[in-house]
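Trainee: Could you have a look at this structure, given as structure tokens, before my questions?
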Amino acid sequence: MPRERSGAFAPGRVNLIGEHTDYNRGLALPFAIGEGVTVRARAREPGPSGAERIFAHARDLDETDEFDLEQPPPARGWRAFVRGTVAELARAGYPLRGARVEIAGDVPLGGGLSSSAALEVALCLALIQLGADAGGGGAALDRREIAQLCARVEHRWVGARTGLLDQLASLFGRLDAASLIDFATLRIEHVPMCLGSWRLAVVDSGERHEHASSPYNQRRAECQRASELLGVASLREAEASQLERLPQPLRARARHVLSESERVLEAAAALRAGDMIALGALLNRSHASLRDCYEVSTPAVEQAVRALLEAGAAGARVIGGGFGGHVLGLFAPAVALPEGAREVRPGAGAHLLGA
Ligand code: GLA
């Protein structure tokens, strides 16, 4: 008996540390947050022509889309993610059915908290379950394969050459833990986030970024070029002592990538030791490197980071791709969160919902 309904929730993420390391086969330490995207799907009979169709409703925008399951045409905005996810699922051989899909979320769009990965992942889980025979849906999913499929949606349908950080963080999130991800092996180790009474909070810089139109893809190309010049497959294989051979700005980009992976390991050690002062200092060093070497900060981001530090944060930094979006701050127990800051806590990873 095929199932008639399915549902899934996928969280957004905050990357504690480890920025622009994923597509360089480095390390990162993200955690899933409580906010995310919920997708509910209901099977739909084929139309008079026999074509299986998807009807999608983005509740928060009150916008709709409708397209054939087979070879959906390209689109822009949220529709590109929905059509792309459906197309990539079909291409990967997942059995799909025509469906009416309801999308709702509470993670700000385009704000660096991975609203797009949450949408892709929730859609994947819900549509795979709907297409699977009752009883078997979702059980044997390879979550790393789903993350790679979602990255293909970003590359082919959105034009953003992103890595796997956001999708893996959403798929492998765990309550009260961060995910230490090694992008060379895709091995994931959960590091308990025992913050005591310390808090992490995000604040919106007010600036929105668009990966495709931003210099994100350019940064990725620069890292590729740096690897080629050094004769290594990725910057993960490069040695710090080799970087002098690179011209600027490639040298600075590579320096950020190598030092950022080291900071990830130091941050994981600080978390394990409950050393929040050390963690705060690492957030500050990460931000300085992202600003000065990787050049992904903006005046609005700088102002937001400064405001958090002036409010007493022990550390603050831009998160995600940069060029706007949210900034993260770490606050000691006695320090009040400044106005506009929202506390973020590590929440559960993507999961199916009872229909
Ligand atoms: C965006 C991308 C990720 C990652 C970060 C930077 O969030 O989607 O793949 O590259 O930027 O760390």
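Trainee: Between Ala267, Ala314, Ala254, which is hydrophobic (A, V, I, L, M, F, W, C) and more than 16 Å from the ligand (Cβ to nearest atom)?
Mentor: When all the criteria are applied, what remains is Ala314.
Trainee: Is there any pair linking a residue in the stretch 173-187 that is closer than 15 Å to Val344 by Cα and open to solvent by 30 Å² or more (accessible area, probe 1.4 Å) to one that is aliphatic (A, V, I, L, M) and not in a strand (DSSP E or B), with Cβ under 9 Å and at least six apart or on different chains, and which?
Mentor: Here the result reads Arg174/Ala348; Leu175/Ala348; Asp176/Met193, each pair linking the stretch 173-187 to a residue that is aliphatic (A, V, I, L, M) and not in a strand (DSSP E or B).
The values are calculated or read from the model by the stated rules, or taken from the named source; none is laboratory data. Source: prediction; values computed, not measured. Cβ: placed from backbone, ideal geometry, glycine included. Neighbour counts: every protein chain shown. With ligands, DNA and RNA removed, areas are computed over all heavy atoms of the protein, side chains included. Shrake-Rupley method; radii C 1.70, N 1.55, O 1.52, S 1.80 Å.
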